[in-house]
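Undergrad: Take this structure first; my questions come after.
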Amino acid sequence: MDANKEFLNDLTASIRPLDQDAMAAAKRHQKNLTKPAGSLGRLEGLAIWMAGITGELAPATAPRTVIVMAGDHGVVGEGVSAYPSEVTPQMVMNFLGGGAAINVLARQAGARVLVVDLGVATELDQLDGLVARKVAFGTDNIATGPAMSKSQALKALAIGAELAESEFAAGARMLATGEMGIGNTTPASALICALTDTPPEVVVGRGTGLDDSGLARKRTVVARALASNESALNDPVDALAAVGGYEIAGLVGLILACAAGRRPVVLDGFIAGAAALVAARIAPAARNYMLAGHLSAERGHRVALKSLGLKPLLDLDLRLGEGTGAVLAFHLVDAATRIMAEMATFSEASISQSVER
């Protein structure tokens, strides 16, 4: 058996249900806090979910890391992006220099940014601060055949999981998904179409800003990719290899490792939604460890979240990627857990509690 396949089997076998006792204790504690029951809305549910993941009433949410996986895509040659593939390594340099949006928002949220080369089509191995784990120099063109071999997909997935586990070993309490890859809304669209049985017309959006003719071309390319790889789309790992990307595969591994390690994973937008679908198809129990940070303006994100049964925390019309929406959601996770840790109970504040009728 492929060592990475065996690794995946062991990883998924270690995913356990949420801690129901801890969730019940969190609910009881909330009933005693100085507020009407349910008055903090989704923050209350978020706190209960965090207790279920960690087994702690008010778990720490820091240190935390956003892992930005980078990779290029052969399908860009089909004219599916408003930007050329050269922008991928240029943006990687921007991340490493601290000048991208994700760097700004991560600094605000007190999060570390980890940049990983899984499949950039340029040699970047000697750059300071970059985790160089390149599987290949970009994927093949999904419109004419598979993006990568199954072995390569499993390798990228295993790397993503191992990087997450390394962050946990260093003390990380929470991770966010980040990515960079010009053209990656096309493979993400193809994955979402395949895994939800939804036509490209519903899923495929404008990505980096395509005009109407570009959008029509992109939808045709996704339809070609689905037809070219039809025989591989019934299995989640096969589908990932057929129409995915190296950075998407890395995110799948990251998500599964969070579930296995009992750590919350805050999903970013459209690309993360595709990776989360693959992870949930591989290991349905992993879905319990996912938090949708926001709703992307990319139309197919709704399809992915509906299939996953996830409700996004924020809706800000974001469509940048990089992990930006996920890192913004860190602040709400902080708020939910701090309420549990710092808010007074009725008895502590000498306030009369309402009588249930």
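Undergrad: With +1 on each Lys and Arg Cβ and -1 on each Asp and Glu Cβ, how big is the dipole of the stretch 271-345 about its Cα centre, in debye rounded to the nearest 20?
TA: Here the stretch 271-345 has a charge dipole of around 380 debye.
Undergrad: OK, next. What Kirkwood Rh does the stretch 74-121 have if only Cα atoms enter the pairwise 1/r average? Answer in Å. Spell out each step's value before the answer.
TA: Values: mean 1/r = 0.0820 Å⁻¹.
When all Cα pairs of the stretch 74-121 are included, the Kirkwood radius is 12.2 Å.
Undergrad: Would you please give the FRET efficiency between A227 and L127, computed as 1/(1 + (r/R0)^6) with r the Cβ-Cβ distance and R0 = 25 Å, to the nearest 0.05?
TA: On the way: r = 38 Å, r/R0 = 1.54.
With R0 = 25 Å, the Cβ-Cβ based efficiency is 0.05.
Undergrad: Find how much the distance from S14 to F346 grows on full extension, using 0.36 nm per residue of separation minus their present alpha carbon separation; answer in nm with one decimal.
TA: On the way: separation 332, 0.36 × 332 = 119.52 nm, distance 3.99 nm.
Using 0.36 nm per residue and subtracting the Cα-Cα distance, I get 115.5 nm.
Undergrad: Of all alpha-carbon pairs in the stretch 95-252, indicate the percentage at a distance above 26 angstrom. Let's see the in-between values first.
TA: Numbers: 3981 of 12403 pairs.
Here the long-distance tail beyond 26 Å is 32 percent of all Cα pairs in the stretch 95-252.
Undergrad: Additional query: Using the Cα centre as the reference, give the magnitude of the dipole from point charges on the C-beta atoms of the chain (Lys, Arg: +1; Asp, Glu: -1; all else neutral), rounded to the nearest 20 debye. Please list the in-between numbers first.
TA: Working: 31 positive and 36 negative charges, 215 e Å.
Once rounded to the nearest 20, the dipole reads 1040 debye.
Undergrad: Could you calculate the FRET efficiency of D235 with T34 from 1/(1 + (r/R0)^6), where r is the beta carbon distance between them and R0 is 51 Å, rounded to 0.05? Could the numbers behind the result be given before it?
TA: Details: r = 52 Å, r/R0 = 1.01.
Calculated transfer efficiency: 0.50.
Undergrad: What distance in nm separates the simple spin-label points at D211 and N288, each placed 7 Å from Cα in the Cβ direction?
TA: Roughly 5.1 nm, to one decimal.
Undergrad: What accessible area per residue comes out for the stretch 1-151, rounded to a whole number of Å², with a 1.4 Å probe?
TA: 45 Å²
Undergrad: Cα centroid distance between the stretch 1-58 and the stretch 174-235, in Å?
TA: The stretch 1-58 and the stretch 174-235 have Cα centres spaced 32 Å from each other.
Undergrad: Now a separate question. Around P146, with a cut-off of 10 angstrom between Cβ atoms, what is the net charge of the other residues, counting Lys and Arg +1 and Asp and Glu -1? Write out the running numbers ahead of the final one.
TA: Numbers: positive: K150; negative: D140, D238.
Counting the neighbours of P146, the net charge comes to -1.
Undergrad: Further question on the same structure: Given points 7 Å out from each Cα along the Cα-Cβ axis, report the R299 to D197 separation in nanometres with one decimal.
TA: Inter-label distance under the simple model: 2.2 nm.
Undergrad: K27 to E6: extension gain in nm, 0.36 nm per residue of separation minus the Cα-Cα distance? Could you put the intermediate results ahead of the total?
TA: Details: separation 21, 0.36 × 21 = 7.56 nm, distance 3.85 nm.
Length gained between K27 and E6: 3.7 nm.
Undergrad: Also, quick follow-up: Can you give the local net charge around A336? Use residues other than it whose beta-carbon is closer than 9 angstrom to its beta-carbon, Lys and Arg +1, Asp and Glu -1. Don't skip to the end; give the middle numbers.
TA: Numbers: positive: R42, R338; negative: E44, D334.
So the surrounding residues net to 0.
Undergrad: Between H331 and A170, what FRET efficiency comes out of the Förster formula 1/(1 + (r/R0)^6) with R0 = 25 Å and r the beta carbon distance, rounded to 0.05? Numbers along the way, then the final one.
TA: Details: r = 22 Å, r/R0 = 0.89.
For R0 = 25 Å, the calculated efficiency reads 0.65.
Undergrad: Hey, if you drop one equal point scatterer on each alpha-carbon of the chain and run the Debye formula without solvent, what base-10 log of I(q)/I(0) do you get at q = 0.08 Å⁻¹?
TA: -0.37
Undergrad: Here's another thing I want to ask about it. Give me the angle, in degrees from 0 to 90, between the Cα long axis of helix 185-196 and the longest principal axis of the Cα atoms of the chain, rounded to the nearest 10.
TA: Taking Cα atoms only, the helix is inclined about 70 degrees.
Undergrad: If you add up the charges near K134, with Lys and Arg at +1 and Asp and Glu at -1, over every other residue whose beta carbon is less than 13 angstrom from its beta carbon, what do you get? Please list the in-between numbers first.
TA: Numbers: positive: R133, K155; negative: D72, D117, E123, D125, E247.
So the environment of K134 carries a net charge of -3.
Undergrad: So which GluC sites (Glu not before Pro) in the stretch 120-228 pass both tests, a DSSP loop state and at most 14 other Cβ atoms within 10 Å of the Cβ? Let's see the in-between values first.
TA: On the way: sites: E123, E162, E165, E167, E179, E201; in loops: E123.
Listed in order of number, the matching sites are E123.
Undergrad: Separate question: If I ignore ligands, DNA and RNA and count only protein heavy atoms, how much of I351 is accessible to a 1.4 Å probe, in Å² to the nearest 10?
TA: 80 Å²
Undergrad: Using 7 Å Cα-to-Cβ label points, what is the K311/E86 separation (nm, one decimal)?
TA: With each label placed 7 Å out from Cα toward Cβ, I get 4.7 nm.
Undergrad: Going 7 Å from the Cα of A62 in the Cα-to-Cβ direction, what parts of the stretch 324-350 have a backbone nitrogen less than 17 Å from that spot?
TA: Residues 327-342 fall inside that zone.
Undergrad: Which percent of the accessible area of the chain is formed by carbon and sulfur heavy atoms (probe 1.4 angstrom)?
TA: On the way: 7220 of 14220 Å².
Of all accessible area on the chain, carbon and sulfur atoms account for 51 percent.
Undergrad: Now for a separate question. In what sequence, highest mean first, do 291-303, 23-35 appear when ranked by Cβ atoms within 10 angstrom? Working shown, then result.
TA: On the way: 291-303: 22.9, 23-35: 16.0.
The densest-packed peptide leads the list: 291-303, 23-35.
The values are calculated or read from the model by the stated rules, or taken from the named source; none is laboratory data. This one's a predicted model, so the numbers in the text were calculated from it and none came from an experiment. A quick note on method: Cβ atoms are made from the backbone with ideal geometry, for glycine too, and the neighbour counts reach across all protein chains shown. When the accessible area is computed, the model is the full protein with side chains, heavy atoms only, and any ligands, DNA or RNA have been set aside. Shrake-Rupley method; radii C 1.70, N 1.55, O 1.52, S 1.80 Å.
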